[in-house]
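Remarks on the structure that follows.
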Amino acid sequence: MNTLLKPLSAAMAACMSVAVVAQSTEPGSETDPVYLFNEICYTQVPDVGKIQDMATRFAWNPMGGEDLERFTSIKEPSLLKGWDIRLENRIYRLGIVQSAPNDTFINSFPDLADATATSCTMVLDGQDDGQIIFDRMNTMVGKAPSSEKVEDGQLLTTTWSGGNDALKVFVFYKTDGLDRANLINVTIVARQ
């Protein structure tokens, strides 16, 4: 499933090349990226309809073109939408993708070959300390990661995984070399 995020890794590394001062946000505040991710993505996926309703209700700015295409490497996803979300002095990017599972996933989990992969990605602004966000992610997911700080281009990826025979859940968290939080993703592969 990590292949869904490869185009984003390069884009995020380029976008985050300017050093920014780490910003401390209170847990559960409207600018706490983990709180936002939980409310927008983690508790909603695979129901993308609720995410699209939020986008309309809160007047998020729709994204298109190359910016939107960076959310997936899949040539023809069944759904690809993205928005810029502005809160106070911060901007986050959000993308949702639905498609058939990729070949790597099907090789690992052949019983879910006919499932749908739904991914919700929140690109952060690089202002948050990586360790603080990591601790909040651990609390949100409720268990330790299955892998931590694996090199992925110029970013480091931490992954939580779980599920059962009917669905698989993957949560990805990316930081840069300066330990700034860059990206959070949840991907659920489930039969519809």
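The values are calculated or read from the model by the stated rules, or taken from the named source; none is laboratory data. All values reported here derive from a predicted model rather than from experimental measurement. Every residue, glycine as well, gets a Cβ built from its backbone with ideal geometry; the counts of neighbours run over all protein chains shown.
Would you call Phe105 within 27 Å of Ser147 (Cα to Cα), outside any strand (DSSP E or B), modelled with pLDDT of 95 or more and of a type in the set (Phe, Trp, Tyr)?
When the stated conditions are applied, Phe105 does not pass them.
Quick grid of which residues meet (1) buried (at least 19 other Cβ atoms within 10 Å of the Cβ); (2) part of a strand (DSSP E or B); (3) out of contact with any Lys or Arg (no Cβ under 7 Å at 6 or more places or on another chain):
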{"residue": "Gln131", "(1), (2), (3)": "no, no, yes"}
{"residue": "Asn138", "(1), (2), (3)": "no, no, yes"}
{"residue": "Glu148", "(1), (2), (3)": "no, yes, yes"}
{"residue": "Phe172", "(1), (2), (3)": "yes, yes, yes"}
{"residue": "Leu178", "(1), (2), (3)": "no, no, yes"}
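Could you list, in sequence order, the residues of the stretch 112-124 that are more than 13 Å from the chain's Cα centre (by Cα) and part of a loop (DSSP other than H, G, I, E, B)?
Ala113, Asp114, Ala115, listed by residue number.
Among the candidates Asp103, Asp129, which residue alone is of a type in the set (Asp, Glu) and touching a residue at least 60 places away in the same chain (Cβ under 8 Å)?
None of the other options fit; the residue is Asp129.
Of all residues in the stretch 63-90, count the ones that are out of contact with any strand residue (DSSP E or B) (no Cβ under 6 Å at 6 or more places or on another chain) and not hydroxyl-bearing (Ser, Thr, Tyr).
Number satisfying all stated conditions: 13.
Residue by residue through the stretch 63-77, note down the ones that are surrounded by 12 or more Cβ atoms within 10 Å (Cβ to Cβ) and without any contact (Cβ under 8 Å) to a residue 24 or more places away in the chain.
The answer is Pro77, and nothing else.
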